[in-house]
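Just so you know, all these numbers are worked out from the coordinates, no wet-lab data involved. Here the structure is a predicted model, which means the values were calculated and not measured. Cβ atoms come from the backbone with ideal geometry, glycine included; neighbour counts cover every protein chain shown.
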Amino acid sequence: MWQALIAIAAGVLLVWLALVAALLIGRPGGAQLREAVRILPDLVRLLGRLAKDRTLPRGVRVRLALLLAYLALPIDLIPDFIPVLGYADDAILVVIVLRGTIRRAGLPAVQRHWPGTDAGFAALQRLTGAPGVGA
């Protein structure tokens, strides 16, 4: 019985470490992180609008819905007491999911649903590495 519990705990710890490593690799730089925090309210509204758009591929909408569910949970992947990454994990996950959304659905679909300013959308493009509009 104890061996099974230890094996399960070790497996959960291994998965958590892999997710933390993925966040560290995929995280944007310090300036980009500040931009993500600044436009976070617009990003959350954008995620909701994109998740409801039936013209987007189903897989994209499922990932967006799962991200929204994660953001609503009081438990974080990385606890908030860990410096820098503790508070940034939500922003990092949003950026990663939006990168995939832009790749699959296209930048015009994201721009169509953007609720913020043009400057905020330009920040979103920098965060996700999306090409500039008209570029």
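Between Leu73 and Met1, 0.36 nm times their residue separation minus their Cα-Cα distance comes to what?
Value of the extension gain: 22.8 nm.
What FRET efficiency comes out for Arg54 versus Val12 if R0 is 41 angstrom and r is the Cβ-Cβ distance? Round to the nearest 0.05.
Numbers: r = 36 Å, r/R0 = 0.87.
Efficiency, from the Cβ-Cβ distance: 0.70.
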